[in-house]
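Taking it in order: structure first as structure tokens, then the write-up.
The values are calculated or read from the model by the stated rules, or taken from the named source; none is laboratory data. Values in this document were obtained by computation on a predicted structure and should not be read as measured data. With ideal geometry, Cβ positions are generated from the backbone for all residues, glycine too; neighbour counts draw on all protein chains shown.
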Amino acid sequence: MEAEIGIIGGSGFYSLAGNLAEVEMDTPFGKPSSQIGIGNIGGKKVAFISRHGKKHTIPPHKVPYKANIEALRQLGVKRIISSSAIGSLRKEYRPGEIVLFDQFVNMTHGRDDTFFHESPVTHVSSADPYCGELREFAAETAGRIDAKLHKTGTVVVVNGPRFSSRAESRFFKAQGFDVISMTQYPEVMLARERGICYAGIGTITDYDAGLEGSEDIEPVTAKEVSANFAKTVGMVKKMIVEMIPMVRTERMCRCGNALDGAVMG
Ligand SMILES: [Zn+2]
């Protein structure tokens, strides 16, 4: 069994296509979130993981991020396309729109966020954590299917599972962050540590704890996230399925060289 492209589906996104064979996997870091769906889409071999489990039973802080990335690596995956539900911190980033992340700010805690706990001491650069080449493919595809897209965005990642307080939300906005997630970290960095390209496609479901000066916008609820994601998940699936054949096998980016110069000594 092997695959070239890994897909990680977030909230509301529990399957990719009907023709994938479900495979049980195990890694030195435990089992991945779900069985892995392996098959062919648009002439590419893909492997699909449902981040929260097929029945949405795994909360963001308990997702086996290392097992998920390791399982994809074991299959030979070189590029990952991920989908997640996100909150907006800015008026211009509206519910129903798509954001391609280019930067993250980690505010999570207590998560096992590296493969490098042992010697040799390894410091991987996270200056540009998302693959620019994959982001281009995603942007092109979004244009073709007429999805409303923000080609860049800084995502602040909080631990969850609770949503932000109003003061936290105000603080994040004041820092200039665009959107908020509970799952982008450490997922993106674990992929980077393994030299795997990673594209993060976020779908905006809400305005976090509301917007200053817009008292009519209520703070987000889980019910709202589910309802809004259900509306847009078809669009994101379509975007990913259309994007897969465009992804070149030969990589022009530098994601595969993430460990060059990262080892001390
Ligand atoms: Zn790359």
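Within segment 215-265, the set of residues being crowded, with 19+ Cβ neighbours inside 10 Å and either free of Cβ contacts under 8 Å to residues at least 60 places away in the same chain or in contact with a Leu (Cβ under 8 Å, 6 or more places away or on another chain) (or both) comprises 240, 247. With respect to (1) closer than 27 Å to residue 209 by Cα; (2) in contact with a Lys or Arg (Cβ under 6 Å, 6 or more places away or on another chain), the lone exception for residue 53 is condition (2). Taking the criterion of being β-branched (Val, Ile, Thr), over 17 Å from residue 190 (Cβ atoms) and buried (at least 20 other Cβ atoms within 10 Å of the Cβ), the residues of segment 43-88 that qualify are 46, 86. Is it the case that segment 27-35 has a residue that's over 25 Å from residue 157 (Cα atoms) and in contact with a helix residue (DSSP H, G or I) (Cβ under 9 Å, 6 or more places away or on another chain)? Yes, segment 27-35 has at least one match.
Scanning segment 27-70 for residues that are in a loop (DSSP other than H, G, I, E, B), at pLDDT 95 or above and charged (D, E, K, R) yields 31, 51. Specify which of the listed residues (156, 188) is surrounded by 22 or more Cβ atoms within 10 Å (Cβ to Cβ), of a type in the set (A, V, I, L, M), within 16 Å of the ligand (Cβ to nearest atom) and at pLDDT 95 or above. None of the others qualify; the one that does is 188. Within segment 39-96, if we keep just the residues that are farther than 18 Å from residue 23 by Cβ and of a type in the set (Val, Ile, Thr), the residue that is nearest to the ligand (Cβ to nearest atom) turns out to be 81.
Counting only residues that are under 27 Å from residue 259 (Cβ atoms), give me the strands (runs of 3 or more DSSP E) lying completely in segment 78-125 with at least 3 of them.
Result: 79-88, 103-107.
Taken over segment 1-26, the criterion of being closer than 20 Å to residue 85 by Cβ and either modelled with pLDDT of 95 or more or among the charged types (D, E, K, R) (or both) is satisfied by 6, 7, 8.
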